[in-house]
Every structure is written in structure tokens, then in C-alpha cells.
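Below you'll find the structure, written out as C-alpha cells, and then a few comments.
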């Protein structure tokens, strides 16, 4: 009788991947000064070595390293010290994971926030750009990319561009276009802001959205009279 469930070979590779994480982390711990926190650094093994060992189980091993990243990240989030001073090598780990599994959606989305929150905005942008290339129909990746530009890099032109990219994709939050309109207003592109808010008003399907659009159009009208 054939047994259902996870194939035996997958279980073997899962255990092997867990062993790899443990082996590389122990090796790193031994190389650090004894007084240093043993989880100060997140170890990233050589990609070529892991690919050679994975032999078709890349996504399984990516999942194991992702769990290690989540554990490490959680440890640092509850630390008394600022998050940005606590995390090391998370960018390298996130790029490693998405090298193994280029379609790992959550690694891009959560990883982008983690990097930005650690004041590694350039790496956050690069990771989300990689995600957009790998998953061009995923609306949340460019939507989040817009927020990285808006909140962390303060490039409002670029933020507007990414919000509009997201707005054209299925499943995008309706506020993406509103965010783009607000970004246009911030960089004094009043005509573009007005046109975008008017579009939002014309296409609004609920009273709240209509009121938001009308309020912003009125604000732009008043600013135009000054």
C-alpha cells in the first residue's frame, strides 16, 4: 500500500537542510570572540555549495533558512537595543533565500520591511526590485516598494511611480492610487495630483472614497488660488 504525505526524499533533504543551518551557525559561533552574542550574526552559507547539495530541493532548503531568519529576526525585535543595531547580515540572507527560491513571495514582502526597518533602505529596494522581476503580477511587491520610497528614502517621485505600477495590477489595495496622488502633491506636481484625484473620484464606488477625493481636490483648488 502506498503511503501518503511528504515524500521520504523530501524529509531527508529537510533534515539535511536543518543540519546545514546548524553546522554553519556553529562554525560561525566558534569564529566569534567569546564575549560576543552568539546570534549577533546571521550566517549565510555559500550559495554554490547549498545548490549542489540541494539537488532539486531548493525550495525546501530555502524554507529552512527562512525559518532561521524568522527566529533570528524575532530575537532581535524583542531586544532592548535598537533593531538596526542588532541585526547583521539579514540582507545577505534574504538574497540567498530568494536565490534558492525566486518565487518566495513572503521573503520579498516581509524581508523588504525588515531591511527598511533596519535602515538598509538600498537593500530593501534591491530585494523588492528582484521580487518584482520574478513576480511581475504580484501587486503587493511594488505597493510595498512605494512605501519604502515614501517612508524611508523620501523620494516621492519614485514612490508615486511604484504606487502607480501597483495600481495597474490585479489585487492591488485601492489606496495605491490615492498614495500616488498624494506623492504628486508633495513634489508640487499639482496638475498630475488633480488629474489622479479626479480619476479616483470618477471611479469611486463608495461614499468614503468619494469624500476623500473631493476633500483633496478642494485642498488643491484652494492651494491653486494662493
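The values are calculated or read from the model by the stated rules, or taken from the named source; none is laboratory data. Please read all numbers here as calculations on a predicted model, not as lab measurements. Don't worry about glycine lacking a Cβ; one is built from the backbone with ideal geometry, like all the others, and counts go over all protein chains shown.
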Within region 125-143, count every residue that is within 24 Å of residue 174 (Cβ to Cβ) and either crowded, with 23+ Cβ neighbours inside 10 Å or touching a residue at least 40 places away in the same chain (Cβ under 8 Å) (or both). 5
Given the conditions (1) in a helix (DSSP H, G or I); (2) closer than 22 Å to residue 77 by Cβ, report the number of the one that residue 146 does not fulfil. (2)
If you scan region 161-176, which residues turn out to be farther than 11 Å from residue 139 by Cα and surrounded by 22 or more Cβ atoms within 10 Å (Cβ to Cβ)? none
So how many residues does region 82-118 have that are closer than 11 Å to residue 44 by Cβ and not in a helix (DSSP H, G or I)? 2
Based on what the data block shows, is residue 84 assigned by TED's automatic domain parsing to the domain that holds residue 116, within 22 Å of residue 113 (Cβ to Cβ), at pLDDT below 90 and crowded, with 18+ Cβ neighbours inside 10 Å? no
Quickly run through region 48-64 and pick out the residues that are in contact with a helix residue (DSSP H, G or I) (Cβ under 9 Å, 6 or more places away or on another chain) and farther than 16 Å from residue 105 by Cβ. 49, 50, 51, 53, 54, 55, 56, 57, 60, 61, 64
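Considering each of 202, 138 in turn, give the residue that is at pLDDT 95 or above and not in a helix (DSSP H, G or I). Spell out the reasoning first.
Values: 202 fails: not in a helix (DSSP H, G or I).
None of the other options fit; the residue is 138.
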